[in-house]
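Step one of this worksheet: look at the structure below.
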């Protein structure tokens with residue numbers, strides 16, 4: 001058996017519903033972006049030893065293991081060291097597909113994965129969900145090479161739990177966007193609200209109710225730009241700064257549902273208003289430093305130019321985004337943003 005495959009996984013950008021989406025049943029809209037991960041997969045079994053060999057452009061040395069070692073990984077093992085998201089992905093895949101490993105007389109092929117990222121620039125990380133993308137990339141690669149399927153729901157669930165075992169926070173919406181490979185409206189599952197120390201063996205008993213993923217077709221005439229502050233933000237640290245989000249939930253849900261309807265109807269003005277309403281609710285609910293000086297400058301620029309956009313994701317740094325159409329050019333944004341020390345990243 002010799003087989004080679006190539007897969008790509010997108011990054012993400014939250015458009016609406018941040019923070020509230022960590023509450024199961026609360027919606028968010030998340031865009032897939034063309035900065036992401038690629039994985040080249042090669043399987044062979046000359047005298048197969050169930051080996052897994054991983055190479056990444058983020059590390060000098062490869063990571064090599066086997067399924068027997070993967071089976072022994074515990075949640076505690078994922079708290080330290082390198083390759084943590086990848087080790088978690090391997091462990092959850094093993095837990096989810098134990099039938100593959102029961103027949104000792106039928107060894108699995110050696111799997112070699114080469115992972116490349118386009119989610120960094122010379123200035124550093126872009127805040128587009130690199131840990132989520134690499135976790136999904138590993139699960140997708142294993143599904144393609146060992147199961148010969150690419151069921152986005154299964155890929156999402158396995159990658160989501162693996163990522164949460166390492167990060168311990170977030171909504172998993174970035175995982176869903178990467179797994180479904182497109183922009184989506186997303187709601188988190190019930191188990192996300194459970195306060196417990198999860199073990200890898202819990203995977204098959206997780207409660208996925210309330211989880212919903214609705215694919216969204218981005219209007220063909222709408223253009224899209226990421227405006228990067230180049231101030232890295234941590235979702236985990238940002239969530240730790242927040243306390244009671246209950247007052248945000250109702251306003252967020254209303255704004256997200258309006259934004260979703262506007263995208264489906266290609267209603268630019270409706271989308272712009274929905275984003276403005278969501279932004280105002282977030283600024284009111286979150287600590288003052290959610291809106292950094294650079295992000296405040298970005299918001300002032302898009303207000304002056306009368307464009308749809310807002311801060312994306314955790315805030316406290318990272319990115320904003322702006323949307324244009326035939327009547328709303330994004331060219332003035334580039335000039336104004338760069339003058340203010342912001343970077344503009346075009347999206348296809």
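Throughout, read-outs are computed from the coordinates displayed, never taken from laboratory work. The model shown is predicted, which means the values in this text are computed figures rather than measured ones. Note that we place each Cβ from the backbone using ideal geometry, even for glycine, and neighbour counts take in every protein chain shown.
Please give the FRET efficiency for residue 217 paired with residue 327, using the beta carbon to beta carbon distance and R0 = 22 Å, rounded to the nearest 0.05. Present the calculation step by step, with values, prior to reporting the outcome.
Numbers: r = 20 Å, r/R0 = 0.92.
Between residue 217 and residue 327 the formula returns 0.60.
In percent, how large is the relative contact order of the range 1-119, given Cα pairs closer than 8 Å and 6 or more residues apart?
In percent, rounded to a whole number, it is 34.
Using the basic label-point model (7 angstrom from Cα toward the beta carbon), what is the residue 304 to residue 250 distance in nanometres?
Computed distance between label sites residue 304 and residue 250 equals 3.6 nm.
Determine how many Å³ per residue the convex hull of the Cα atoms of the chain encloses.
Per-residue hull volume (Cα only) is 129 Å³.
Compute the length gained on full extension between residue 267 and residue 97: take 0.36 nm times their separation in residues and subtract their Cα-Cα distance, giving the result in nm to one decimal.
Using 0.36 nm per residue and subtracting the Cα-Cα distance, I get 56.8 nm.
Based on the inverse mean of 1/r over its pairs of different Cα atoms, what is the Kirkwood hydrodynamic radius of the range 223-347, in Å?
When all Cα pairs of the range 223-347 are included, the Kirkwood radius is 14.9 Å.
Using only Cα atoms, locate the centre of the range 1-39 and the centre of the range 139-188, then give the distance between them in Å, rounded to an integer.
8 Å
Below 8 Å between Cα atoms, with a sequence gap of 6+, how large is the relative contact order for the chain in percent?
22 percent
Please give the contour-minus-distance gain from residue 201 to residue 338: 0.36 nm per residue of separation, less the Cα-Cα distance, rounded to one decimal in nm.
Net length gain for the segment: 44.4 nm.
Per the helix-only calculation at 222 nm, which mean residue ellipticity applies to the chain, given -39500 (n - 2.57) for every DSSP H run of n ≥ 4 and division by its residues, nearest 500 deg cm²/dmol?
So the calculated ellipticity at 222 nm is -11000 deg cm²/dmol.
Can you tell me how much longer the chain between residue 193 and residue 58 gets when fully stretched, taken as 0.36 nm per residue apart minus their C-alpha distance, in nm with one decimal?
In short, 45.3 nm is gained.
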